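Visitor: Got a structure for you, questions after.
The values are calculated or read from the model by the stated rules, or taken from the named source; none is laboratory data. The shown structure was predicted, so the numbers you read here are calculated from the model rather than taken from an experiment. All Cβ positions, glycine included, derive from the backbone under ideal geometry; neighbour counts span all protein chains shown.
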Amino acid sequence: MTLEMQKRMAADLLECGVTRVRFDPERLEDIESAITRAEIRKLIADGAIYKIPAKGVSRARYGPERKRKEGSRKGGKHSIIPRKTMWMTRVRAQRAYLRKLRDTGMIDTQDYRILY
């Protein structure tokens, strides 16, 4: 009594992995006789085949990361926030300011292109 094919088809129809598909133990004979996708679909509608909910990732392990302020940080300034990230933040702010100046008409498009 192998139900691998039925489980694979049910996983495809339920749009989940094979490990999440469960069969009702009292309806195993019906499930075993089902060989078409239509029959599997009917068993899913009847509740003989169902999927268990997906397991989420616990956020508890990321709690200490959120609480890490200046006093508990290890490493230098650039190991905590890399130079490239700091540069990107600065450049994005400057470019947003230039965009604002161009949109309000304080600088023209040529100056905007030179300064960008």
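Visitor: Can you tell me which residues in segment 72-89 are loosely packed, with under 10 Cβ neighbours inside 10 Å and either touching a residue at least 40 places away in the same chain (Cβ under 8 Å) or assigned to a helix (DSSP H, G or I) (or both)? Give the derivation first.
Guide: First, the residues of segment 72-89 that are loosely packed, with under 10 Cβ neighbours inside 10 Å: 72, 74-76, 79, 83-84.
Scanning segment 72-89 gives SER72, SER79, ARG83, LYS84.
Visitor: Okay, next question. When the residues of segment 15-32 are filtered to those that are modelled with pLDDT under 95 and of a type in the set (A, V, I, L, M), which remaining residue is nearest to ALA45 (Cα to Cα)?
Guide: Among those residues, the one meeting the criterion is ILE31.
Visitor: So which residues in segment 66-100 are over 27 Å from the mean Cα position of the chain (by Cα) and within 24 Å of TYR112 (Cα to Cα)?
Guide: TRP87, ARG90, VAL91, ALA93, GLN94, ARG95, ALA96, TYR97, LEU98, ARG99, LYS100
Visitor: Next up: When only residues in segment 44-56 that are under 16 Å from ARG20 (Cα atoms) and aliphatic (A, V, I, L, M) count, which is surrounded by the most Cβ atoms within 10 Å (Cβ to Cβ)? Reasoning before the result, please.
Guide: Residues of segment 44-56 under 16 Å from ARG20 (Cα atoms): 44, 47-56.
Retained after the next criterion (residues that are aliphatic (A, V, I, L, M)): 44, 48-49, 52, 54.
Working: ILE44: 17, ALA48: 20, ILE49: 27, ILE52: 10, ALA54: 8.
Step by step, filter segment 44-56, then rank; the result is ILE49.
Visitor: When you look at ILE114, is it of a type outside the set (Asp, Glu) and surrounded by 11 or more Cβ atoms within 10 Å (Cβ to Cβ), yes or no? Break it down into steps so the answer makes sense when it comes.
Guide: Numbers: of a type outside the set (Asp, Glu): yes; surrounded by 11 or more Cβ atoms within 10 Å (Cβ to Cβ): no.
No: the conditions fail for ILE114.
Visitor: How do the pairs read when you match residues in segment 37-55 that are modelled with pLDDT of 95 or more and in a strand (DSSP E or B) with residues anywhere that are surrounded by 10 or more Cβ atoms within 10 Å (Cβ to Cβ) and not basic (Lys, Arg), using Cβ under 6 Å and keeping only pairs 6 or more apart or on different chains?
Guide: That search, which allows pairs on different chains as well, returns ILE49/ALA10; ILE49/PHE23; ILE49/LEU43; LYS51/LEU14; LYS51/CYS16; LYS51/VAL21.
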